[in-house]
Amino acid sequence: MADLFDVRKKFLENPYTIKNVRQDFSAWHQGRPHFALWAIDVDFPAVRQQVQAANQHLAGLLLDGYCRQPHITLGISGFLSDQPQCTDNYSASDLQADISALASACIRPFEIEIGSLASFSSAPFFHIHDSGNSLHALHQILHSISDGERAQYVPHVTVGLYSDTWGTEMIDRRLNAFPQGSVTSCLISRISLMCYHAPEIGGSLLTIADYDLQHGVLQWRQPLLAMPDSFQATLMRDI
């Protein structure tokens, strides 16, 4: 588990940040419209205020138009598909497997703390402290996309995306100058299957369903417009 010292050290290993750009990403999505992930919705007033304050503090350094609500990614699932033909597709059977694994793990509601402002090469974020390691346990269950030699999982709430190749030492000084307020504690009682419009960078997240950690049940959210018709039918019948 990476602490803030490790995160800062890794960030400063590269002299510049990664520039994010607006484009269609057609080579990646290949016409598939919706990409799914498991995440925790932390779009609470206190967290939203922290993210907005950090965004203002880093004004001029971030890509315009980032509108993704505060969340903690648990696992990358894939492109929603009822006829999966690629390894990065996510089907009804994949969701069924995730639900079964969650039920077997019996992870109950837990508390997290949203703390200091830090950064990856591509994005600034708020670091998450999880004393019971529940986030890491959920990540092990739900991260289904193979990414080669998997990077160490760092739970976080993204603030935005860097708009250019800024010097990391300059960014580090800016982060250290951010006024650190009181730690925000959150009780996590549900996790969510979400998706976003694949051709759009930093677009909002749509919640498809919530998994209640206390009762171990999946609760559907409306609308389900992001899923193919046969995908929906299979899920509603079998889960």
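The values are calculated or read from the model by the stated rules, or taken from the named source; none is laboratory data. Nothing here was measured: the structure is a model prediction, and the numbers come from that model. We place every Cβ from the backbone using ideal geometry, glycine too, and count neighbours over all the protein chains shown. Areas reflect the complete protein model, heavy atoms only, side chains present, ligands, DNA and RNA absent. Shrake-Rupley method; radii C 1.70, N 1.55, O 1.52, S 1.80 Å.
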Formal net charge of residues neighbouring Leu4 (Cβ-Cβ distance under 13 Å; K, R +1; D, E -1)
-1
Using a 1.4 angstrom probe with every protein chain in place, what is the largest-first accessible-area order of Met170, Met194?
Met170, Met194
Angle between the chain longest axis and helix 92-105 axis [Cα atoms, degrees, rounded to 10]
70 degrees
To the nearest Å, what is the center-to-center distance of region 1-45 and region 96-147, using C-alpha atoms only?
15 Å
Rounded to the nearest 10 degrees, the helix 229-238 long axis (Cα) sits at an angle to the longest Cα principal axis of the chain of 70 degrees
Given (i) 19.8, 68; (ii) 18.0, 54; (iii) 16.7, 48, which label gives Rg and Dmax of the Cα atoms in Å as computed from the coordinates?
(ii)
Solvent-accessible surface ranking, highest first, for Asp98, Asp41 at 1.4 angstrom
Asp41, Asp98
Given a 1.4 Å probe, the accessible area of the chain per residue, as a whole number of Å², is 50 Å²
Rounded to 10°, Cα long-axis angle of helix 45-57 versus longest principal axis of the chain
40 degrees
Candidate residues Leu62, Leu4: accessible-area rank, largest first, probe 1.4 Å
Leu4, Leu62
